[in-house]
Every structure is written in C-alpha cells, then in structure tokens.
Amino acid sequence: MAGILEFLGDIISAELDIFVITFTLVVTMVILLFLSFPMFVPLTVAALIGLVHFSEIDTGVVIQQMVTGISPNALIAVPMFILAADIMARGHTATNLLGLIEAYFGHRRAGLPITACISCTLFGSVSGSTQATVVSIGQIMRPKLLKAGYKDSFVMALIINASDIAFLIPPSIGMILYGTLANTSVGELFIAGIGPGIVLALLFCIYCYVYSVMQGDTITLIPKRNRAERREALRKAILPLGFPVLIVGGIYSGAVTPTEAAAFSVLYALLVECVIYRELKLDDVLQAALSTGLITAVVFILVGVGQAFSWYISFEQIPQGLLELLNLEGASQEYILFIIALSFFIGCMFVDSLVVLVILTPIFVPIVDASGLDPVLVGVMVTLQMAIGSATPPFGCDIFTAIAIFNRPYLEVIRGTLPFFIILAFMTALLIYFPGIALFLRDLAAF
C-alpha cells in the first residue's frame, strides 16, 4: 500500500521517472477511451499532460509536430488510393473479377470458396481496402456459396479473412502510413507485401479445398463454363486486372513512385468505370470524392496527432525504457519480431488498426534500428498483424462490417474464424523464420 501511495505521489509531484510518465499517459488514454472520446482526443490530451505536467515545454510544439506529421510527400498517395478504391467499389470491377475466377474455377471442387478467396485478393490489390472488399465481394459471393450448400459461418469467416489480404497486397494504406511513420520506403514495402499476400491466399485456398472435401455430398458444384463464356469473362476482366499490373509494375520497374502510381490509379479508375464501362455518373464520382475527403480527414488527424504523441514519448526516451523493460537488448531478431507481432496483434484486436499503427510504431522504431532488423520486413509483419486483428474478436473492424452488410448476429459471424486465425498465426511464424517470403521480390527489384 505504501508503494502505491508513493507511486501516486510521484505522479502528482511530476517526478521524472519513465514508469511514472508511461503510467500517466496510459491511464489518461484508457479513461478517455472508456468515456467514448474519438482516438485523437486521448492521444492529444496525453501528450499535453506530459508536456505541461512533466516537461514544462511550450504546448505549441504539439501543433508544430502535427503539421510535421502530415507533411511527408508519401501521404499524398493516401487520398488518391482511397478515391480510386471508392470509384471501383461503386462500379463493375468486383463483378468482373469475380466472373473471371468463377469461369475458370467455379465448377471444380471447392471452386466457389476458392473463387471468393482469389477475388478478395485481386479486388484488394485494386482497392487497398479491406472493408470495401468485404462489401463488394461479400454481397455477391455469399448468396452463391450458401446456395451451393456451404455453412454461413464458414462463408462469412472466409470473406472477412480473405478480404484482409488487401492489407498486404499493394496498394496498402497501412503500408503507406507505416512507411511514413517509420521513415521506410513505401515502394519497397509494396513490393515486399506481394509474396506474403500470395502465400496467404494459397493457404486459404488449401483450407477451402480441405473443408469442401470434408463436407462431401452436401456441396453442389456449378456448371462448367464453355470456352466462349470463359473468353467473355476474360475480356470483361482485362481492364480491372490491368490496374495492379500497371501499379505494381510501374513501382517495381522504377518508372513511377508510389505517389505517382496513386495519381495514375485515380485516372485509371475514372477511365474504366466512367468512360469504358459507363457505370458511374458524375454524381457517383462526387459522392466518392466526398467520402474520400471524410476518410482522409480522419486518417490525417490521426497521423498528425500520432506524430505529436510520438515526438513526446521519444523526448522522454520512453521507447528506450521499454526496451530495457522487455529485455530486448541483445535478443535475437526472431524474438524481437515475435514481440512486435504480438503487440500489434493484441492492439488491433481492441482498437482500430490505424490507431494502433500510430501509437506503437514510434515505440518500436528505435528497437528495430538497434536490433539491425530490416525495417521493410518489420513493416510487412506489422501490416499482417493489422490484417489479423481486423478479423479477430472481440473488436475486429471487418467483423462489424460483416454484421452490418450481412445482417447477422455477432456470434454467428465469428463462429467460423478459428481455422483462419490458425492459418494467419502460421503465416506470422513463416515470416519470422523465413523472411525471404517478404524480402525476395524486394531484393530482386534492387538489382
């Protein structure tokens, strides 16, 4: 009891101890979160309390750091990729991609769930948005899978988890923000995410096949498409398929930067959906622009406030103190990667993944630098944990998207997620012990 009172006394008297400061910041944020304040408020208030109470530094530094946080040129790509994703989500892109995969795989055993998985991966590479993928692919594929005899719990879990591959396959908003916060090349992160994204999609497809075999005769197959129907499906999907090829190919070859690729993606989306498909009207584009503005404002506020918060904890040397607390000095790179993965996974289970990214990245960057870990590998690991957390109870954001879109209760939506969680955990272990999965293409691009 005396120790607790002494600790509280240190807080009141502004004793400059790293554990006192950390405890004060954490408690402040937790209290404000439980009071239902949006996440930028706890971050801002915690930074201000630290500056005023412990450091007595002019609070104007918060504004300076917020401006600094949203100044990097790489962030220009964020609203453009969001706008391109919104335009394509409102158009025919998802339908045409689904039609192509279904034409070639739908009639085979496990054809429909594999179609859903590959379509989520391809649409994720077009939109970069997990929630847009859940909506666009899920609304089309769920009725087909249910009609074929698949259990709804399996169907919803498949769509939720396969959609999260969008975190890894470029363009990835999470990778752009991580690259900005950690001062890491966004182009290298994009290229490094391709390998893990493909491996994860393959693992999901294998599970879909095993599940379908176990279900046996309860699963019905759709008729095989003839050659003419396949050619027509391919013709319709050529333009959507061209999007990831041009974006990734442009970055991989060095012809364009990620920001230039983002600008091109908007032009490409407008040409495909408005001029060629003629699916969208001017009002649809204006609505997409309005939605993009709102989402971008939220993201940039978080990034700016996160920069102010990270500046303060760096000023107080809190990451270095946590390094000593976690006993990571001299630890193996595999152990450090495990700690990073576990921290981000737990955080993303309870809080929006972008918020976790803003809070934890500044803490681990000094640890990554000191350990000699490749920051690109760490960035891929972080985005993988964001994907896992977004689909994992209790508060994964894609779970609640599925609840809203499919109009099903929470427990039913999460019932089939365990096998996919095991696969995602296995993917994490693969990245830790076989980093070449992520770094092979990046290293190849360097030649």
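The values are calculated or read from the model by the stated rules, or taken from the named source; none is laboratory data. The structure presented is a predicted model; accordingly, all values stated were derived computationally and were not measured. As a convention, Cβ positions derive from the backbone with ideal geometry for all residues, glycine included, and neighbour counts pool all protein chains shown.
Going by the conditions given, is Thr392 crowded, with 19+ Cβ neighbours inside 10 Å, of a type in the set (S, T, N, Q), assigned to a loop (DSSP other than H, G, I, E, B) and modelled with pLDDT under 90? Walk me through it before giving the result.
Details: crowded, with 19+ Cβ neighbours inside 10 Å: yes; of a type in the set (S, T, N, Q): yes; assigned to a loop (DSSP other than H, G, I, E, B): yes; modelled with pLDDT under 90: yes.
Yes.
Of all the numbered requirements in (1) in contact (Cβ under 8 Å) with a residue 40 or more places away in the chain; (2) in contact with a Leu (Cβ under 9 Å, 6 or more places away or on another chain), Ile276 misses one, and that requirement is (1).
Just wondering, is there one or more residues in the range 86-108 that are of a type in the set (Val, Ile, Thr), crowded, with 20+ Cβ neighbours inside 10 Å, under 30 Å from Ser314 (Cα atoms) and modelled with pLDDT of 80 or more?
Checking the range 86-108: not a single residue is of a type in the set (Val, Ile, Thr), crowded, with 20+ Cβ neighbours inside 10 Å, under 30 Å from Ser314 (Cα atoms) and modelled with pLDDT of 80 or more.
Quick one: would you say Pro258 is within 26 Å of Leu145 (Cβ to Cβ) and touching a residue at least 60 places away in the same chain (Cβ under 8 Å)? Reasoning before the result, please.
Working: within 26 Å of Leu145 (Cβ to Cβ): no; touching a residue at least 60 places away in the same chain (Cβ under 8 Å): yes.
Judged against the criteria, Pro258 is not a match.
Residues in the range 67-78 that are surrounded by fewer than 20 Cβ atoms within 10 Å (Cβ to Cβ) and not hydrophobic (A, V, I, L, M, F, W, C): Thr68, Ser71, Pro72, Asn73.
Residue under question is Ile198, and the condition is that it be under 15 Å from the mean Cα position of the chain (by Cα), under 20 Å from Leu431 (Cβ atoms) and of a type in the set (A, V, I, L, M); does it hold? Lay out the reasoning, then the answer.
Details: under 15 Å from the mean Cα position of the chain (by Cα): no; under 20 Å from Leu431 (Cβ atoms): yes; of a type in the set (A, V, I, L, M): yes.
Here the answer is no, as Ile198 does not meet what is asked.
Would it be correct to say that Ala261 is closer than 20 Å to Leu97 by Cβ, crowded, with 18+ Cβ neighbours inside 10 Å, in contact with a Cys (Cβ under 6 Å, 6 or more places away or on another chain) and of a type in the set (Gly, Ala, Ser)? Judged against the criteria, Ala261 is not a match. Among the numbered criteria (1) part of a helix (DSSP H, G or I); (2) at pLDDT below 75, which one does Val26 miss? Here Val26 clears every test but (2).
Can you tell me which residue is farthest from Val413 (Cα to Cα) among those in the range 358-392 that are within 19 Å of the chain's Cα centre (by Cα) and among the hydroxyl-bearing types (Ser, Thr, Tyr)? Filtering first and then ranking leaves Thr361. Out of everything in the range 378-389 that is aliphatic (A, V, I, L, M) and under 15 Å from Asn183 (Cβ atoms), what residue ends up being surrounded by the most Cβ atoms within 10 Å (Cβ to Cβ)? Per the criteria, the residue is Val382.
Could you say whether any residue in the range 302-310 is surrounded by fewer than 21 Cβ atoms within 10 Å (Cβ to Cβ) and either of a type in the set (Gly, Ala, Ser) or part of a helix (DSSP H, G or I) (or both)? Spell out how you get there, then give the answer.
The first filter runs over the range 302-310 and keeps only residues surrounded by fewer than 21 Cβ atoms within 10 Å (Cβ to Cβ), leaving none.
No, every residue in the range 302-310 fails to be surrounded by fewer than 21 Cβ atoms within 10 Å (Cβ to Cβ) and either of a type in the set (Gly, Ala, Ser) or part of a helix (DSSP H, G or I) (or both).
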